[in-house]
Structure formats: structure tokens, C-alpha cells
Amino acid sequence: MLPRALPLFAFTALLTACSLFSPKLEKPTLTVVGVRMVHGDLLQQTFRVTLKIYNPNDRVIPIQGVSAELRVGGEVFASGASTDPIVLPALADTQFDMTITAELALGIMKLAKQLSNHADSIDYELTGAVRLKSRWIKTLPFHQTGALSLKNVPN
């Protein structure tokens, strides 16, 4: 009986050891710092979005890239990815730029609706994943919400 149980015991011990040594990481938080148009026509626009990413962990996190989708007023407004490597310091934040593609018509409609309602801001939702340079954890998903100010947008 013991020889048959030995492989099962060894496998269980190996799984337990791996779980003890695999890193436990908290999800980073991302916030939109700035948006500027790079190129655009009537159908599609390219924006450079500056994001701030905060690392709540006590270890440096090497990042391969970030993919994200931006919803404005509940509708998908833009999506994109960054493949530039980033080294995120422990318990600190850093900023990086990401190129996204958007449909301006949808954004203008949402913006016009909010402005006609005399709103001071429009809600946004940023979802996606941070791709890590790690053997144990490949991605950390994120989900952030906030509001973009409309105070400086002309009526």
C-alpha cells in the first residue's frame, strides 16, 4: 500500500511547496492622467493616453506590457495595448504612455449628451490586464473607474 501512496504523497508535497514559493501579488491600480490625439479622421482616431500605475506590493514588478479597454459613459470608446517593458518599483507608481484607437463619433455623442445635461464630468471605466515577466503569474487583471472633468470643455 505504501509504494502506491508514495507518488501521490510526493505530488501533493510538490504542489504545496510550489504554492508556498509562488508570489502573492496584489493587483496594481491604474488611473488615466492625460489623453492627447496623435492622428485622426472621421472614422478612427489614435490617442496617446498617459496612465499612472501603482504597485501596492513590496517587490519590484517587471511588466512586459499592458492591454486595456476604455469605456466612457458605459460604451466602449477605445482599446489598445502597450508592449513597452516597464519596471514598476515596489510600493510606488510610475507613468507610461499607451496608444489606443477610438471612434470619435461615439465619444462626441457621449460628450454632447453630458454637456447638454450640464454635467461637470463623464464616467469612465478602464479594464484590462498587466502582462508580467514572471514564471508563476502571467497576468494581473485590473478594473478602475473614475470621472473625467468636463469643466474646461467649451459648450
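Computed values, structure above
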{"item": "Failed item in (1) modelled with pLDDT under 85; (2) part of a strand (DSSP E or B), with Met109 passing the rest", "result": "(2)"}
{"item": "Residue within the stretch 83-90 that is in contact with an Asp or Glu (Cβ under 6 Å, 6 or more places away or on another chain) and more than 19 Å from Leu150 (Cα to Cα) present", "result": "yes"}
{"item": "Top-ranked residue of the stretch 131-147 - restricted to ones that are modelled with pLDDT under 85 and buried (at least 16 other Cβ atoms within 10 Å of the Cβ), ranked as nearest to Val35 (Cα to Cα)", "result": "Gln144"}
{"item": "Residue list for the stretch 48-60, restricted to those being modelled with pLDDT of 85 or more and either surrounded by 15 or more Cβ atoms within 10 Å (Cβ to Cβ) or within 17 Å of Met98 (Cβ to Cβ) (or both)", "result": "Arg48, Thr50, Leu51, Lys52, Ile53, Tyr54, Asn55, Asn57"}
{"item": "Candidate set from the stretch 1-46 (those that are of a type in the set (Lys, Arg) and farther than 19 Å from Leu132 by Cα); member that is modelled with the highest pLDDT", "result": "Arg36"}
{"item": "Filter result (among the β-branched types (Val, Ile, Thr) and surrounded by 12 or more Cβ atoms within 10 Å (Cβ to Cβ)) within the stretch 61-86", "result": "Ile61, Ile63, Val66, Val72, Val76, Ile86"}
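The values are calculated or read from the model by the stated rules, or taken from the named source; none is laboratory data. Because the structure is predicted, anything quoted here is derived from the model rather than measured. Cβ: placed from backbone, ideal geometry, glycine included. Neighbour counts: every protein chain shown.
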